[in-house]
Amino acid sequence: VGFCSRAGAELPLHAVQYNAELLFPSLAGDITQKGYEKKRSKLIGAYLPQPPRVDQALPQERRPPVTPSSASRYHRRRSSGSRDERYRSDVHTEAVQAALAKHKERKMAVPMPSKRRSLVVQTSMDAYTPPDTSSGSEDEGSVQGDSQGTPTSSQGSINMEHWISQAIHGSTTSTTSSSSTQSGGSGAAHRLADVMAQTHIENHSAPPDVTTYTSEHSIQVERPQGSTGSRTAPKYGNAELMETGDGVPVSSRVSAKIQQLVNTLKRPKRPPLREFFVDDFEELLEVQQPDPNQPKPEGAQMLAMRGEQLGVVTNWPPSLEAALQRWGTISPKAPCLTTMDTNGKPLYILTYGKLWTRSMKVAYSILHKLGTKQEPMVRPGDRVALVFPNNDPAAFMVAFYGCLLAEVVPVPIEVPLTRKDAGSQQIGFLLGSCGVTVALTSDACHKGLPKSPTGEIPQFKGWPKLLWFVTESKHLSKPPRDWFPHIKDANNDTAYIEYKTCKDGSVLGVTVTRTALLTHCQALTQACGYTEAETIVNVLDFKKDVGLWHGILTSVMNMMHVISIPYSLMKVNPLSWIQKVCQYKAKVACVKSRDMHWALVAHRDQRDINLSSLRMLIVADGANPWSISSCDAFLNVFQSKGLRQEVICPCASSPEALTVAIRRPTDDSNQPPGRGVLSMHGLTYGVIRVDSEEKLSVLTVQDVGLVMPGAIMCSVKPDGIPQLCRTDEIGELCVCAVATGTSYYGLSGMTKNTFEVFPMTSSGAPISEYPFIRTGLLGFVGPGGLVFVVGKMDGLMVVSGRRHNADDIVATALAVEPMKFVYRGRIAVFSVTVLHDERIVIVAEQRPDSTEEDSFQWMSRVLQAIDSIHQVGVYCLALVPANTLPKTPLGGIHLSETKQLFLEGSLHPCNVLMCPHTCVTNLPKPRQKQPEIGPASVMVGNLVSGKRIAQASGRDLGQIEDNDQARKFLFLSEVLQWRAQTTPDHVLYTLLNCRGAIANSLTCVQLHKRAEKIAVMLMERGHLQDGDHVALVYPPGIDLIAAFYGCLYAGCVPITVRPPHPQNIATTLPTVKMIVEVSRSACLMTTQLICKLLRSREAAAAVDVRTWPLILDTDDLPKKRPAQICKPCNPDTLAYLDFSVSTTGMLAGVKMSHAATSAFCRSIKLQCELYPSREVAICLDPYCGLGFVLWCLCSVYSGHQSILIPPSELETNPALWLLAVSQYKVRDTFCSYSVMELCTKGLGSQTESLKARGLDLSRVRTCVVVAEERPRIALTQSFSKLFKDLGLHPRAVSTSFGCRVNLAICLQGTSGPDPTTVYVDMRALRHDRVRLVERGSPHSLPLMESGKILPGVRIIIANPETKGPLGDSHLGEIWVHSAHNASGYFTIYGDESLQSDHFNSRLSFGDTQTIWARTGYLGFLRRTELTDANGERHDALYVVGALDEAMELRGMRYHPIDIETSVIRAHKSVTECAVFTWTNLLVVVVELDGSEQEALDLVPLVTNVVLEEHYLIVGVVVVVDIGVIPINSRGEKQRMHLRDGFLADQLDPIYVAYNM
């Protein structure tokens, strides 16, 4: 089939050569650096441009000196062996290189993320400690030799390697041009660029910050042979102007990057998928369809494989304790275990006699010295924990056998180092569930455990309360002469419990019975051919798995001598185990691939090495994809030192099935081991295909020998019912044998699924009456009964139907020049579920000396390599600083803990590359718009397709009988004169200062008299004509009101303008100037203070102060009255202009006529039942919209007293507004969202002290938030909850709704039903449909009614495109018809044709006569069960969002606030968020409240949440400081300003991630 079983012919040499190496990265500082480079440049030379001549390629000082020493080094190395090129694991590296070269032709351009300098600096070289090599990794690790005196080849060839790679990659110094502030400091130009960026000066000379794979880095386009070495830097953003969405040219680095991202994303993705599954709604997610060409298994059904008979030898002991007793009494002097110190000197020799007597002592003490005679703490059958460090196998062995003799069950676990060790909590759960109360430990370990100040050992997190018991002989009493342990034959009692960590981090205990223990030792003895008194070197962890089975158990059965090499010694001297094999002439050694790899790295012509004594080298992780290359490389080097090929025996094991298979040692050196070169593509479908032609993506696997003696093996389908696999199908290996675990302790359900499996044939019949055990290994049984393992169930990731193995992905990632950027063996691969599929995440530890650019380069190449070799996209690739990933006790990476940190956003990576665009292929289809209902379907009775047309109205003004005196007057100026005559001393306005005291007040007559004086001033000093426009630039207060009525008295048209902020003139003054100019103001009235400010030096720097119109200072007014007060001739003439900047950054002024103004005031008077005896508290900005009307106009019309509280005063005294409301016993109050937020945040902790100060809100009947947006439910609810204790009735809080065309459409009045809340399906909303759902259902969005429709207002919901009326509960544009609509936009250009239909639109069918104003907001009407004041059923209006803020993505309409809400929930450090689109990319800006190190944690979380909840892929994630997202006076986000700032590179972001 393409396997070479030993019986088969020998593979041709070149095939062996090709298979020789598998997924193994280039070895660190390798022996044949030059040979490798030569080979590599030959291999991929075709793909690379001709290297420029050396003298051009490198600046003088970087050329390596070719000294005789370095040359001779090469000589010496080359002569070391003829097959030196094969030491590298080239097959995989070559495959990766070829794959990368292929990619080059596609010119993939990945924009490099931007990082703030402080972030780069913190991850620079000096800030790092070298990685803690004390821990290395379980599979590989770093060798301390690099940093200490052990010679490594890297020292000699380091600059040479640098030089070679530079030459091959043709990198000239032009690389510096590719990044400006991101590269972590390349020269002064960048520092300058930084300074310039901060001062926001356009800096065209700074190099554009776009890192691409154009020509600088080893991924290049082929260049013609003759091209010269010089090359110009690529031109980006600054080269041509880019246009922003509004057509404003932006010259910017950021937009260049985005453009680059867009271009990259335009490249075709994988083939589109056809069918869909329904996600409980019409919005369809694509579901992966099986590829018709995918390989399917074609073989016959496999047969179960039997191992050879277990031949029980007569003198085998009846139990392991019996063996111990036998050797302890017959040959007490025989050595059992030799331990080493960190210098490699024997520390201690434990003989069989000592082991026997000490174990008895321990057994006696456990049973009789703990607790009292009547109440012993431990009885036979109880579980006890064994906590021994890795360098003390002797104490462990004594304790283990002591437990066996006492018939208690040992549970060996790791030493807990700190209270919060990774995974230690889960171990605690295991101990708790096993009912462990006693922990045995050694003296040294006991001293080293963390202690509380009183000297007690604290309870570790999640652990039960334990009694710590030291087993050292000197602490134990001798058992009495008459006491003897009860030694029975092996039975089905539990012998020991081995812990196992699952994929999700939970820890299970596998129980092994005494019979299984003995049978396993017998099977190993037979398979390995152990004989009495053999010497065995053990490098493995002796507490579990292969190390325990060979080094502690089977060794005692056969009276063998174990030389135990502690992990700490291996780190100091990686060759120590080989030296011990020589020294003791050991027959057997138990190692992992890592130990072989380290030996290779450290090996230098050691003269005295001789491995001919070895008859068996057990490779414990022989089932790993990278073990084969370790074995091959090791054999290559040590063959000359007496190592025979047939000695290498890989084995496969699992905690549940113990030893699954092991290669038997043979004497026949002519039979090569079994090999399979399998197609990686086939494997992803679970099919075995021998790969010949496609050399790029293959997995070379070695056999792990035959089935164990006395066992039966088969493979079953990994999921679903355990059906036997076909012969060419990958399945989970299952074993039926005595020598296996029997259960997961205390977990009967999981035990049934794993330990009691009955494999079925295709007909459904079980193949055996005995249960099989799932081993957790994926593989197949090949020719000749050889077992092959291709992966673990735990490492399996199923991405859109294809299976990938985490280990294979790790191997590919490591093959991309790993040594320069990441630590071998410090790399974690796992999958996270996002949007109904698994997504692959790779996390690696970055070397401290690699630059930003290098790492980014490496990351992009890893992505390409994995894409080529595995045909799967990586969702997220993250690099973390050295030594920061959570470790397992033996120094490997704690995978589940890493995944946990990633998902909760506390991994703190220093580099992140997300590729959702390439990975996520199951998004819903982009929406196709359906044609609308035509006029034909409007039937009698106003029905649209069976629905009521969505229309509603407030009370009819004509029918309301009220004694409204003010109605007699057409103009507000007349109402004021009338009030000044009839009630001259009635107070209309009271202004409070920041301490809550009255700063100023106005009676009717005072206001009238001031207005007269201002009118005189306007006529005499300003020489203004009737109808001239006057800008009023005043702080919130009384002056503003007087100036407004002064203008009316003079016949002028006032425009209220927010004054410039004295601390921020540069940004606020231009807006003032703009309004003054656009409104064509002939004159500007203000206070003396602002007058000086407008003419100050700072002002002159911001605007042209010479072009101000006439400025009148109203602090000194003329003393006379006007000849007459102007009375307008026509109520339709202009009363005032209302200017405001919309959230999209548009400045729009609307015209309010006298008639509209009076109608407006009347409507509010009726809705809120305002009379002269009333008091209303107003905490709003008085410059536009309803805020201005309430502040300046309503009191004059209705006569009530307004208590005015400037919102700016709340910054110094947040309680000011609520204290005033309480003090004046106000029943109605108005505020803005910013005010409400200020109170919620600022007074959250002070409610008790406010209560003590007598704050009482129980009289408040209405508290209205004045807004022009969807009600912010979360804020109003938290406000209500917070102040409920102070008497605020939750029903009192409501919102209003207004917009440019009608400044107030809804306002919760005094009568009428309470505002209602509904829950709608967010996904339906994107399709402009309203679907009501229950609270708490998935994708539900709460919407609150925006107050009651005002009297005299009619509303209809229309389709914004077709202008047809819509049915009830349909989403459409809100259209309004009322007497107080504005009469149009006031624009200087007269360009009103554009928006003319905003004010006079007609429906395309139905009622085509009425003239409506279009609000520009989407919403819907819903008829409720409640009744209105006039007895009708109440129609509620729900505002969803502004049309021009809404984003059209994938044919669906998204409201920014919904995405922002999801993002803010994603991580605790996100305080605010704003989203916008740029060239169809979604940009998410988040404000980070935390350390800058957390910035990169947010990128994956933001991407995940937006995918999950909105089915959108985020294009760019920008992390900024608090307060960067601009907010206007109404508390609304200015997303367009933010967008412009981002594109102009003015945000100074902490981090910008461009998602691929």
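The values are calculated or read from the model by the stated rules, or taken from the named source; none is laboratory data. Predicted, not measured: the structure shown is a model, and the values here were computed from it. Backbone-built Cβ (ideal geometry, glycine too); neighbour counts: all protein chains shown. For the accessible areas, the whole protein counts, side chains as well, though only heavy atoms, and no ligand, DNA or RNA atoms are used. Shrake-Rupley method; radii C 1.70, N 1.55, O 1.52, S 1.80 Å.
Brief remarks follow.
- When each of the peptides 408-416, 594-602 is scored by how many other beta carbons lie within 10 Å of its residues on average, the order from highest to lowest is 594-602, 408-416.
- Global form of region 490-579, assessed from the alpha-carbon gyration tensor, a/c cut-off 1.5: oblate
- Mean accessible surface per residue for region 1094-1137, computed with a 1.4 Å probe while every protein chain stays in place, in Å²: 65
- Gain on full stretching of the segment that runs from ARG1335 to GLU298 - 0.36 nm per residue minus C-alpha separation: 368.2 nm
- Over region 1148-1234, equivalent-ellipsoid semi-axes from the Cα gyration tensor in Å: 23, 17, 8
- TYR1438 sits among other residues whose Cβ lies under 11 Å from its own Cβ, and their net charge, with Lys and Arg +1 and Asp and Glu -1, is 0.
- Among the trypsin sites (Lys or Arg not before Pro) in region 1255-1330, those placed in a DSSP loop whose Cβ has at most 16 other Cβ atoms within 10 Å are ARG1259, ARG1261.
- Cα-based shape type of region 1047-1163, given that a ≥ b ≥ c are square roots of the gyration tensor eigenvalues and the cut on a/c is 1.5: oblate
- Nonlocal amide H pairs with HIS1434, under 5 Å, H built at 1.01 Å: THR1424, LEU1426, THR1427, ASP1428
- Residues whose placed amide H lies under 5 Å from that of VAL816, excluding near-sequence neighbours: none
- Region 530-610 - percent of accessible surface contributed by carbon and sulfur, probe 1.4 Å: 47
- Take the Cα of THR1247, step 7 Å toward its Cβ, do the same at LEU417, and the gap between the two points is 4.6 nm.
- Computed E for GLU1425/PHE1405 - FRET, C-beta separation, R0 41 angstrom, nearest 0.05: 0.85
- Interchain or long-range residues, amide H under 5 Å from LYS592's placed H: ALA620
- Expressed as a whole percent, the accessible surface of region 1108-1252 that belongs to carbon and sulfur atoms is 51, based on a 1.4 Å probe.
- ³J(HN,Hα) computed for each position of region 1441-1451 - Karplus, 6.51 cos²θ - 1.76 cosθ + 1.60, integer Hz, glycine/proline x: x, 6, 4, 7, 8, 5, 10, 9, 10, 6, x
- Beta bridge orientation in region 484-578: antiparallel %, DSSP, nearest 5: 65
- Integer Hz, Karplus 6.51/-1.76/1.60 couplings in order for region 1203-1218, x for Gly and Pro: 8, 9, 10, x, x, 5, 5, 5, 5, 8, 9, x, 7, 3, 4, 5
- With a threshold of 23 Å on the Cα-Cα distance, the over-threshold entries among LYS1165/LYS1533; LYS543/LYS580; LYS1073/LYS1151; LYS1013/LYS1073; LYS369/LYS447; LYS361/LYS500 are LYS1165/LYS1533; LYS1013/LYS1073; LYS361/LYS500.
- Solvent-accessible heavy-atom area per residue, rounded to whole Å², over region 1316-1388 at 1.4 Å: 31
- Taking all protein chains into account, the per residue accessible area for region 967-1036 stands at 44 Å² (1.4 Å probe).
- Percent carbon-and-sulfur accessible area, region 729-853, ignoring ligands, DNA and RNA, probe 1.4 Å: 56
- The length gained on full extension between SER118 and GLU1492, counted as 0.36 nm times the residue separation minus their Cα-Cα distance, comes to 493.8 nm.
- Each Lys or Arg adds one and each Asp or Glu subtracts one; over the other residues with Cβ under 10 Å from the Cβ of VAL1524, this totals -4.
- Spread of Cα-to-Cα distances over 10 Å intervals beginning at zero, given as percent, for region 746-820: 15, 29, 37, 14, 6, 1
- Added length on full extension, which subtracts the Cα-Cα distance from 0.36 nm per residue, SER613 to ALA1274: 230.4 nm
- Cα gyration tensor category, rounded, prolate or oblate, for region 1399-1556 with a/c compared to 1.5: prolate
- Cleavage-rule hits, trypsin sites (Lys or Arg not before Pro), region 457-497, DSSP coil, Cβ neighbours within 10 Å at most 13: LYS461, LYS465, ARG481, LYS488
- Computed from the Cβ-Cβ distance with R0 of 60 Å, the FRET efficiency linking LYS1281 to ALA1101 stands at 0.80.
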